1. Restricting the search to segment 47-94, which residues are farther than 14 Å from residue 20 by Cβ, within 15 Å of the chain's Cα centre (by Cα) and of a type in the set (Gly, Ala, Ser)?
2. Going by the conditions given, is residue 67 modelled with pLDDT under 80 and either assigned to a helix (DSSP H, G or I) or of a type in the set (Gly, Ala, Ser) (or both)?
3. Considering 46, 35, which residue is at pLDDT 80 or above and either assigned to a helix (DSSP H, G or I) or loosely packed, with under 10 Cβ neighbours inside 10 Å (or both)?
4. Given the conditions (1) of a type outside the set (S, T, N, Q); (2) closer than 30 Å to residue 71 by Cα; (3) out of contact with any Gly (no Cβ under 8 Å at 6 or more places or on another chain), which single one is not true for residue 37?
Amino acid sequence: MLGIVSHSKVPIRIAAFAGFTLGAISVVVASVFLMLKLFYWDSFPMGVAPVVIGLFFLFGIQLLFIGILGEYIGSIHGYVQRRPVVVEKERINF
């Protein structure tokens, strides 16, 4: 786990992208649900769909902000480690 986390920002970026995607999908599903509810008011079943859509939207936003926070902490971690920008193949006269 340390090998993945300490040398790569990919898991953090995956979390941010998944949060953004989940939030966007929730907004699309909510708008489709609203349109179906308005057009088929009497025949559309009552249920917990608005609650589930709201929860997915909030989880998506929360995951997005965790990804942004993780990206910020990852950049601080990279700065503190002071790794070289390039990898030296050979060092002469040192």
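The values are calculated or read from the model by the stated rules, or taken from the named source; none is laboratory data. This one's a predicted model, so the numbers in the text were calculated from it and none came from an experiment. FYI the Cβ positions are ideal-geometry reconstructions off the backbone, even for glycines, and counts take in every protein chain you see.
1. Across segment 47-94, the qualifying residue is only 74.
2. Values: modelled with pLDDT under 80: no; either assigned to a helix (DSSP H, G or I) or of a type in the set (Gly, Ala, Ser) (or both): yes.
The answer is no for residue 67.
3. Values: 46 fails: at pLDDT 80 or above.
Criteria check complete, one pass: 35.
4. Against the list (1) of a type outside the set (S, T, N, Q); (2) closer than 30 Å to residue 71 by Cα; (3) out of contact with any Gly (no Cβ under 8 Å at 6 or more places or on another chain), residue 37 comes up short only on (2).
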